[in-house]
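Read through the structure below, which is laid out as C-alpha cells, and then see the notes.
The values are calculated or read from the model by the stated rules, or taken from the named source; none is laboratory data. Bear in mind that the values here come from a model prediction, so they are computed numbers and not experimental data. Using ideal geometry, Cβ is built from the backbone for each residue, glycine included, and neighbour counts are taken over all protein chains shown. Only protein heavy atoms, including side chains, enter the accessible area calculation; ligands, DNA and RNA are left aside. Shrake-Rupley method; radii C 1.70, N 1.55, O 1.52, S 1.80 Å.
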Amino acid sequence: EKNGYDHFMLKEIFEQPQTIFDSLRGRLDLKHEQITLSGLDKISDKLQQANRIIIVACGTSWHAGLLAEYVIEELCRINVEVEYASEFRYRNPIITDKDVIIAISQSGETADTLVAMETAKKQGATIFGLVNVVGSSIARISDAGAYTHAGPEIGVASTKAFTAQLAVLYLMALKLAEIKQTISSETYQVLFDDLAKVPKYVQWVLDTQIDSIKRIANKYMDADDFLYLGRGYNFPIALEGALKLKEISYIHAEGYPAAEMKHGPIALVDEYLPVVFVATKDSYHEKIISNMQEIKARKGQVIAVVTEGDEVVTSLTEDTIAVPRVHEIIAPILSVIPLQLLSYYIGVGRGLDVDKPRNLAKSVTVE
Ligand code: M6R
C-alpha cells in the first residue's frame, strides 16, 4: 500500500526517519551510551584479529560498502577492501582464514553476492551478512550478521534500504572502534550523539527542503547528462546520486571524486551540464569550493547539497539544498536524502514509471 503517496519510492523516502530509527533501535543504548550488536559480538575475536575486511556487494549496496571502507579504516584502523561481487567471484581472489567478509544486500538474494560469499567461505574466511530480508539466502549462509530494519522495499530504486545499511555500518564501525580502542572517547561521544539524532535530522530535510528540490528538479529535468562530484566521505554519495538519477530518469549521469574532474570529465562541462556537488562542511570544504569555481568558470550549472547556513556556497549558486550540520562521518546519510528526492522529482517530471524503471528487476537473482 502506498499510504496516500503517489509512488512507493516517495513513500519509502519519507519512511526513512522511521526506518533509520528502527535500524538503530535496541542497538544504540542512549542511557548507557553503549552499542549492542549481537551479530558482531559473535565474530568479535575474528574481527579484532582480522588482517582485513573485504566488503562484497552490488549496486547501491556496494555504495554503502564504499562509505563503510572510509569509515572503518578511519575509526578502526583495519584495512578494508570493497569489491563488486561479480568481479570478486571470478578473479580467483586471495583469501585466508584471517579475512572477514561483509556481504551487504537488501534482498539477500543477489546471485553474484551470494556466490562471492560462498567462494570466500570455502577458503576459510568468516562471513558477516548485512541484509534487509529476513531469512533470505545471504542471511542463511552467513556465519553471523545483522539485519537492517528497513521493512519491505518495493520501489526498484533502493532508498530506505541504503540509509538503513549506513546506520548499521556506522554502529558496527563505532562498536569495533570502541573494542579496539582506536578512537578517543570524545570522538565516540560526538559520533554516537549525532547518529542518535539522524532520524530527526532526516525529518528536518523532508520537512524543509522539498520546495527547493522540486524547483531544482524542474529547472534541470530536460538535461541530457549530469555529473555528481564529492570528496572523501561524500564521494560514495556522489556515486549513489548518479546511479539513482540514471535508474529513475534515464538521464546519463556519472559520479566522480571531485578532484578527478581535472583528469578528464571536465572536458564535458559546458553551459548545458548540471554538476551536483555533495558539499557539506568537512575537512575538504575549501577544496570542493574551488572545484565549484572551476565548473562555474566553464559556465557549468552548479547544484549543491550543503550544510545548513553555508553562506559561501549559497553565494556561488542559487541551487542549493541544505542538510543539518553533523560530524563529517555522519553527514553522508543525510546528504543522500536530497539526491534521492531530486531523482524522484526529475523522473516524475519526465513522466516515467519511477517505481518500475525499464529493464530493471528488484533483485538480480541471475548473473
Ligand atoms: O538486493 P541487493 O542490495 O543485493 O541489490 C543490489 C543491487 O541490485 C541494487 O542495489 C540495485 O543497484 C538497485 N536498483 C539500486 O537502486
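Above 18 Å, the calculated P(r) of the range 196-255 contains 50 percent of its Cα-Cα pairs.
Among Ile216, Ile237, Ile346, the largest mean-square fluctuation in a Gaussian network model of the chain (Cα springs under 10 Å) belongs to Ile216. Bridge orientation summary for the chain: considering DSSP beta bridges with both residues in this region, about 5 percent are antiparallel. The GluC sites (Glu not before Pro) of the range 183-283 meeting both criteria, a DSSP state outside H, G, I, E and B (loop) and at most 15 other C-beta atoms within 10 angstrom of the site's C-beta, are Glu271.
Convex hull volume of the C-alpha atoms in the range 57-123, normalised per residue: 80 Å³.
The mean accessible area for residues of the range 231-367, using a 1.4 Å probe and ignoring ligands and nucleic acids, is 41 Å² per residue. Here the 3J(HN,Hα) profile of the range 62-75, calculated from phi with Karplus coefficients 6.51, -1.76 and 1.60 at θ = phi - 60°, is 5, 5, 4, x, 5, 5, 4, 4, 4, 6, 5, 4, 5, 7 Hz, Gly and Pro shown as x. Per the Kirkwood formula applied to alpha carbons, the range 244-300 shows a radius of gyration over Rh ratio, Rg over Rh, of 0.97.
Distance distribution P(r), the range 263-367, all Cα-Cα pairs, bin width 10 angstrom from 0: 13, 36, 31, 17, 2 percent. Eigen-decomposition of the gyration tensor built on the alpha-carbon atoms of the range 26-90 gives equivalent ellipsoid semi-axes of 25, 14, 12 angstrom, largest listed first. Using a simple spin-label model with pseudo-atoms 7 Å out from Cα toward Cβ, Gln123 and Leu360 lie 3.2 nm apart. Within the straight-line cut-off of under 16 Å between alpha carbons, the aspartates and glutamates reachable from Lys281 are Asp194, Glu308, Asp310, Glu311, Glu328, sequence neighbours fewer than 8 places apart in one chain being disregarded. Peptides 287-294, 172-179, 70-77, ordered by how many other C-beta atoms sit within 10 Å of their residues on average, highest first, read 172-179, 70-77, 287-294. With the convex hull drawn around the C-alpha atoms of the range 180-310, the volume per residue stands at 141 Å³. A cut-off of 5 Å between modelled amide H atoms, ignoring neighbours fewer than 5 places along the same chain, links Gln301 with Leu273, Val275. Among rounded, prolate and oblate, which fits the range 142-245 when a ≥ b ≥ c are the square roots of the eigenvalues of its C-alpha gyration tensor, a/c under 1.5 means rounded, and a/b larger than b/c means prolate? Since a/c reaches 1.5 and a/b is larger than b/c, the shape of the range 142-245 is classed as prolate. In terms of distances greater than 30 angstrom between alpha carbons, the cross-link table entries Lys31/Lys180; Lys175/Lys362; Lys31/Lys362; Lys122/Lys175; Lys160/Lys214; Lys11/Lys296 yield Lys175/Lys362; Lys31/Lys362; Lys11/Lys296. Counting only residues at least eight positions apart within a chain, or on another chain, the aspartates and glutamates with an alpha carbon under 12 Å from that of Lys219 are Glu318, Asp319. Our coupling estimate for the range 352-367, obtained by passing each phi through the Karplus curve with A = 6.51, B = -1.76, C = 1.60 and θ = phi - 60°, is 9, 7, 5, 7, 9, x, 4, 6, 9, 10, 5, 10, 9, 9, 10, 8 Hz, Gly and Pro reported as x. Note down the Stokes-Einstein diffusion coefficient of the chain in µm²/s, whole number, using a Kirkwood radius over alpha carbon pairs, 4 °C, and 1.567 mPa s. Approximately 63 µm²/s, per Stokes-Einstein.
Proximity of backbone amide H atoms, modeled 1.01 Å from N, is registered between Arg52 and Val100 at under 5 Å, excluding neighbours fewer than 5 places apart on the same chain.
In units of the rule-of-thumb radius 2.2 N^0.38 Å, the range 3-129 shows an alpha carbon radius of gyration of 1.19.
Residues in the range 319-336 carry Karplus couplings, in order, of 9, 10, 10, 9, 10, x, 6, 9, 4, 4, 6, 8, 3, x, 5, 8, 4, 6 Hz; the curve used is 6.51 cos²θ - 1.76 cosθ + 1.60 with θ = phi - 60°, and Gly or Pro positions show x. In this structure, the amide hydrogen of Val133, modeled 1.01 Å from its nitrogen in the peptide plane, lies closer than 5 angstrom to those of Gly108, counting only residues at least 5 positions away or on a different chain.
Only Lys, Arg, Asp and Glu carry charge here, each on its Cβ (+1 for the first two, -1 for the last two); on that basis the range 65-148 has a dipole of about 240 debye about its Cα centre.
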